[in-house]
């Protein structure tokens, strides 16, 4: 790898810079761990939630599940209604990395996130560091989600980024591989310490 070639760093948000987890809400609503796990894998599961990231309205998604699982109506409504509580805060070590890169002013900083367009304004309100990005591409606004190759092509085009000069950081293996498939160098985020070591090793920090 040419360690000096990058001029743009593309960050994922949830799981990299922002700690989001529905369990923060549903641990307060379920007394039984097994039932909570069932709810989050069989009712309000990843495949259902990702459709909101792809642009499906929350009202439509909520009504759909309530019709299928009326016994969980209050829990299903809480997924959107208490969504803010699923954000426990920033991931401090990664925010420090972002701030260090911003101070250095040697790389353009943009973000590419799978996030509902309806709920993303809450994150913008809660996390001032999001203002450090030159731009943020939100999947729900574009009705495309990672790892669809079209969303990577879209961020490249929108911000005039050359794929060979960009580094993408994401905590999801499929999203990392999706970036690589369109020619963007990518690294899977595991922890702030791991990311910092990686960026130092390649000469970005």
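Read-outs: derived from the displayed coordinates by stated rules, not from any lab. Keep in mind that this is a model prediction, so the values were computed, not measured. Virtual Cβ from ideal backbone geometry, glycine too; neighbours counted across all protein chains shown.
Observations on the model:
- The listed peptides 7-16, 82-91, 124-133, 147-156, ordered by packing as a protection proxy, come out as 7-16, 147-156, 82-91, 124-133 (highest mean of other Cβ atoms within 10 Å first).
- Angle between the chain longest axis and helix 58-68 axis [Cα atoms, degrees, rounded to 10]: 40
- The long axis of helix 149-158 is offset from the longest Cα principal axis of the chain by roughly 50 degrees.
- As a ratio to 2.2 N^0.38 Å, the alpha-carbon radius of gyration for segment 29-131 is 1.33.
- Value of D in µm² per second that Stokes-Einstein yields for the chain, Kirkwood Rh from Cα pairs, at 37 °C (0.692 mPa s): 183
- Over the chain, Cα pairs under 8 Å with separation of 6+ residues give a relative contact order of 30 percent.
- Interatomic Cα distance distribution for segment 20-87, bins of 10 angstrom, percent: 21, 61, 18, 0
- Computed across segment 17-59, the Kirkwood radius stands at 11.5 Å (inverse of mean 1/r, all Cα pairs).
- All Cα pairs of segment 107-165, percent lying beyond 17 Å: 40
- Using C-alpha pairs below 8 Å separated by at least 6 residues, the relative contact order for segment 20-87 is 49 percent.
- A protection proxy built from the mean count of other Cβ atoms within 10 Å ranks the segments 157-164, 139-146, most packed first, as 139-146, 157-164.
- Calculated FRET efficiency for the pair residue 194/residue 23, C-beta based, R₀ 22 Å, to 0.05: 0.45
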